[in-house]
Every structure is written in C-alpha cells, then in structure tokens.
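Below: the structure, in structure tokens.
The values are calculated or read from the model by the stated rules, or taken from the named source; none is laboratory data. Owing to the predicted nature of the structure, the values given are computational and were not obtained by experimental measurement. Positions of Cβ are generated from backbone atoms using ideal geometry, with glycine treated the same way; all protein chains shown enter the neighbour counts. The area values use the complete protein model at the heavy-atom level, side chains included, leaving out ligands, DNA and RNA. Shrake-Rupley method; radii C 1.70, N 1.55, O 1.52, S 1.80 Å.
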Amino acid sequence: MMVPAALLLLGALTAVLAPRLLARTDWPDREPVVALWVWQCVVVAVLLCCALSMTLSAAAAWQAVRGHVFAPAPRAVVEAYALSTTGPWAATTALALASGAVWTAVMLVREVVRAQARRRRRRAELLVRAPLLPGEEPGNGRLVVLEGERPDAWWLPGTAPRLVLTTAALRRLKGQQLDALLAHEQGHARARHDWLLHCSAALACGFPRVPVFAAFRDEMHRLVELAADDMASRRFGRLTTALALVGVNEDRGVFGPCPTPQAHVPQRVHRLLTPPDRLTAVRRLRLTATAALVPVVPVLVAFVPGLRALG
C-alpha cells in the first residue's frame, strides 16, 4: 500500500520546499494578487495530500470504510490498491491524520470565535465613542468618523460593515490622499482578506512547526496589504497612495531606526514610489495556471492505481 505513503511524502516535500522556492523569487512583491493565489493553491495541495492519505489508510484498515470509499468501483480497481496487504500502520496513520483534521477544524473555529469576539468588542467601543443620535437607526451609513489625535482608518467587517476614520486623518490627509486611504480599506473588504488571515492564522497556530503554514500566515499579512495598495494606486496614483501611507503612519515611529510591528510600511512606501515593474500578462496567466495545477497532483497520485486498472 504505497499510495498513502506517497501522498504523505508529497505533502511533506511540498510543505518544506514550497516556502523556500517562493522566498527565492522576486515576483510576489510585483504581483501580490497572483502570489496570494499561488500560496492558497500550495496550502490546498498539502491539505489534499493529508486528506487523501487519511481516506486511503482508513479504507485499508477498516472494511466498513473501504466499502463506502470503493462502493462503485470494479473489483480490479480495489485490487489495484492492494488494501488487504497493509500492515497495522494503516490504522495508526488514519487515526493520526484524522486527529490532525479535527485539530485543524478546532483551530479554525477558535479563530473565527476570537475574531467575532474582537469584532463585538470593537463595535461596542465604537458605539461608546460614536453613540447614535436621537432618531438615528443603527446600521445607517457605512462611514464612521471618530474623534482622535492619531490619523487612522480601518475596516470593521460583519453583517453591518463599517469604515472607521479618525478626525486626525481628515485633518492630515488632503484631497485624493484621503480617497486613496479609503480605497485601500475598501480593497480589503472587497477581496475578503479577513478570511484569508483567519485561515492562515488557524493553520499556523494549530501546526506551528509546519513551515508552509507559518510562512503562509506571514505572507498573507504582507501580501494583502500590497494587494490593497495596488487597488488604491490604480485609482488614485502610486504617489498619492504612498503619501497617504506616510501621513497615517509617520507618528507611529515606523520610519525610525527601531523596529516596530508596522516595519513593513517603509517597504510598502518604497515599492509605491518605485516605477512599477509588473510581469507580462502571459507570465501572470502562466503562473496562475501552474498554481491551479498544484492541487491536482495529489489527486492524480491517488487515482493512478485505479486508472491503470481501468486502462
């Protein structure tokens, strides 16, 4: 029974090598949307390897599972997988992978619950700082302006999404700089970047020693900001977007010598001020198509014995 082992080996190699290969390339910063797609395809491929290996190992270990998995398959296909010749490791592998799947679901649910709790807390704080006026209905309007000494803006997702802006941002950002800042936050909302961040955080917290999941989380935080920058710069220009980033972040010490949690902001500003060097449309299409084929590989590996038997 070599197929489950081959799938596990393929998943392990992908989890270790894919982050290193992507780290050596320079195009993700130039094409963050394509890079987001590539990372998602790589992670899906690793998860598919584990899921298919778990299914085949369970089919090899227990007759009841085998009957459900191979119910419509001819006898020749079942024999091609040599399920009856497996050792006791099949049940152990299936249980270990099933535990990993349950743990992944638990981590994802925990991340969603925590995000909802943070969202409720921020909405309560928002209601305290910007209470409803007499006769005003909750949910009217998506833009909320708060009194604040520090320029800031953020998107608050949910059933009634809000775009929050401080008065300091209104005073500091002039003309299209403010429009660029709002377009940046709206770009996050349109692309549903919050879900990417939740999924990557759940996988990285659940399996912190798996390189692909840790790199996936770190890259998602960086790439979603670059993608939102590009959305804003396409509408209002790269210089205007860069000036908006500087205006919002210059009071936070991000441009000083000491590292801060927003240390990536100077890199984003430099990227916007550098003349764009995008990939050609043909190369973007090639990268997108190649990434879409990555999750197909474990499916082909799982079906090779059956296809050979049918052939």
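Worth a mention:
- Qualifying residue in the range 177-194 (condition: in contact with a Ser or Thr (Cβ under 9 Å, 6 or more places away or on another chain) and either without any contact (Cβ under 8 Å) to a residue 24 or more places away in the chain or assigned to a loop (DSSP other than H, G, I, E, B) (or both)): no
- Test: A215 is in contact with a helix residue (DSSP H, G or I) (Cβ under 7 Å, 6 or more places away or on another chain), at pLDDT below 90, under 30 Å from V43 (Cα atoms) and of a type in the set (G, A, S): no
- When the criteria are applied in full, R172 meets the requirement of being touching a residue at least 24 places away in the same chain (Cβ under 8 Å), within 22 Å of L245 (Cβ to Cβ) and open to solvent by 40 Å² or more (accessible area, probe 1.4 Å).
- Only one of the listed residues (L203, L226, L197) is surrounded by fewer than 21 Cβ atoms within 10 Å (Cβ to Cβ) and either modelled with pLDDT of 90 or more or in a helix (DSSP H, G or I) (or both). That residue is L197.
- Residues of the range 175-189 satisfying the condition of being surrounded by 16 or more Cβ atoms within 10 Å (Cβ to Cβ) and over 20 Å from V254 (Cβ atoms): Q176, D179, L182, A183, Q186, G187, A189
- For W155: the one exception among (1) open to solvent by less than 20 Å² (accessible area, probe 1.4 Å); (2) in contact with a strand residue (DSSP E or B) (Cβ under 9 Å, 6 or more places away or on another chain): (1)
- Picking from residues in the range 22-44 that are aliphatic (A, V, I, L, M) and under 14 Å from the mean Cα position of the chain (by Cα), the one that is farthest from M220 (Cα to Cα) is V44.
- Residue in the range 57-65 that is out of contact with any Ser or Thr (no Cβ under 6 Å at 6 or more places or on another chain), assigned to a helix (DSSP H, G or I), surrounded by fewer than 18 Cβ atoms within 10 Å (Cβ to Cβ) and of a type outside the set (V, I, T) present: yes
- Enumeration of residues in the range 283-311 that are open to solvent by 70 Å² or more (accessible area, probe 1.4 Å) and of a type in the set (A, V, I, L, M): L285, L293, L300, L307, L310
- Taken over the range 1-23, the criterion of being more than 21 Å from A204 (Cα to Cα) and open to solvent by 50 Å² or more (accessible area, probe 1.4 Å) is satisfied by M2 alone.
- Residues that are over 36 Å from the mean Cα position of the chain (by Cα) and assigned to a helix (DSSP H, G or I) were ranked within the range 68-82; the one that is farthest from M2 (Cα to Cα) is R75.
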